[in-house]
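Since every read-out is calculated from the coordinates, none of them should be taken as a lab result. Just so it is clear, the model here is predicted, and its values are computed rather than measured. When we count neighbours, we look across all protein chains shown, and the Cβ atoms used for this are built from the backbone with ideal geometry, even at glycine.
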């Protein structure tokens, strides 16, 4: 079975849209998508642009928001943007947290791996961020997402704070850097990188090409 690596972050609208579109296109194919949610360490900022040493000027950010809204409408994906100023308020809290941005939800996802509920939990975290408009860096939001996915919230959060899961989360960030992922969402298929919601079609085309080659 072909493995597709997928780097994401829960407060990324591109990740939310790209993950849903990719899952639609890959459904029924003999592939295993290995989701790798990452986090942004405090020393590397609070934005994905900070993480990769880039910048997002206001004009680019405004267009990005407009473009994501068009994609959501075109593909029939429910999505609600935060009110002006909310992200900045949250960023202030994230800077004061002992965890990096998205570290708690990433840890929680890895704690859920192996339960058989990880896909539902992953979707619930994205839903919380992009439909309900909640901050998935908060334990209460993670707990609600866990319960909606059929997981024991208390047990999951306890495991998420453990050192073993912490190592897994850090390893995902190391892999993100090693694969030179240019942002999120990035898919890696047999060493080839596909970045962004607008590259889902290309990624799926490569998956199908490899499957045709290996399966004859």
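Assorted remarks:
- Rg/Rh, computed from the Cα trace of the range 2-215 with Rh as the Kirkwood radius, has the value 0.94.
- Antiparallel %, DSSP beta bridges [both residues in the chain], to 5: 55 percent
- q = 0.15 Å⁻¹, the range 111-194: log10 I(q)/I(0) [Debye, one scatterer per Cα]: -0.66
- Cβ-Cβ FRET estimate between residue 202 and residue 93, R0 fixed at 41 Å, reported to 0.05: 0.65
- Relative contact order (%) - criterion: Cα under 8 Å, at least six apart; region: the chain: 31 percent
- Dimensionless Rg ratio for the range 1-77, taking C-alpha atoms and the 2.2 N^0.38 Å reference: 1.28
- At an R0 of 35 angstrom, the distance between the Cβ atoms of residue 25 and residue 174 translates into a FRET efficiency of 0.80.
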